[in-house]
Amino acid sequence: MVHLRLYLCGASGGGAAALKNIAIMEDEDVLGNAVRVGTYFESRLKGLEALPLVGEVRGRKMMMCVENVADKETRVPLPDEAGESKRISNAAEAMGLMVRPMGHLNVMSPPLIITEADVDFVTDVLGRAIRQVTDELVREGHRIG
């Protein structure tokens, strides 16, 4: 019985905190920002499709990924041992950006409060990291394009 009372007391505090959090999100238009800036994020990332290593940028708004391929036309990936996604992640991190490598993808889920200036930073750094790793892969004898 004592345990139950303690649990219920904690739940009411958690409920109050959740309601306050919802009010802040509404007051600061967090979801509206996610829609507006998410559209800009998609647009800026799509620009990376011009790079030879990028096969496709996919996702919606604040959940996006960049697919890395050896051949843009056939979308054949690089051999797993090339490790391009992890290398892109490492290069981006050295430039101040964290992206998640998953197989032949680099995945991004920025916070809902991201700004257009933040998006510019993300896409500029990611583009530089992809170009750097592409140059390394070509020097190692991989065919990209």
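Read the figures in this text as sums done on the coordinates, not as results from a lab. These numbers were taken from a predicted model, which means no experiment stands behind them. We place every Cβ from the backbone using ideal geometry, glycine too, and count neighbours over all the protein chains shown.
Assorted remarks:
- Low-density loop positions, trypsin sites (Lys or Arg not before Pro), the stretch 84-145 - DSSP coil, at most 14 other Cβ in 10 Å: R143
- All-pairs Cα distance distribution in the chain, expressed in whole percent, bin size 5 Å: 2, 10, 16, 18, 14, 9, 8, 6, 6, 5, 4, 2, 1, 0
- Spin-label pair E93/E56, simplified geometry with 7 Å Cα→Cβ offset, distance in nm: 2.8 nm
- When you filter the GluC sites (Glu not before Pro) in the stretch 31-111 for DSSP loop state and at most 10 other Cβ atoms inside 10 Å of their Cβ, you are left with E73.
- Ranking of H104, H142 by neighbouring Cβ atoms within 10 Å, starting from the fewest: H142, H104.
- Rounded tilt (10° steps) of 30-46 against the dominant C-alpha axis of the chain: 10 degrees
- The relative contact order of the chain comes to 24 percent, based on Cα pairs under 8 Å that sit 6 or more residues apart.
- Helix 84-94 and the longest principal axis of the Cα set of the chain meet at an angle near 60°.
- Choice from A23, A70, A129 with maximal GNM fluctuation in the chain (Cα, 10 Å cutoff): A23
- About its Cα centre, the chain has a charge dipole of approximately 320 debye under the convention of +1 per Lys or Arg Cβ and -1 per Asp or Glu Cβ, with nothing else charged.
- The chain: angle of helix 2-27 to the longest principal axis, Cα-based, in degrees nearest 10: 60 degrees
- In this simple spin-label model, placing a label point 7 Å from the Cα along the Cα-to-Cβ direction at both R139 and K46 gives a separation of 3.4 nm.
- Convex hull volume of the C-alpha atoms in the stretch 31-98, normalised per residue: 94 Å³.
- Listed by chain and number, the lysines whose alpha-carbon sits under 28 Å from that of K46, ignoring those within fewer than 8 places in the same chain, are K61, K72, K86.
- For the pair F121 and D27, the difference between a 0.36 nm per residue extended length and the Cα-Cα distance amounts to 31.2 nm.
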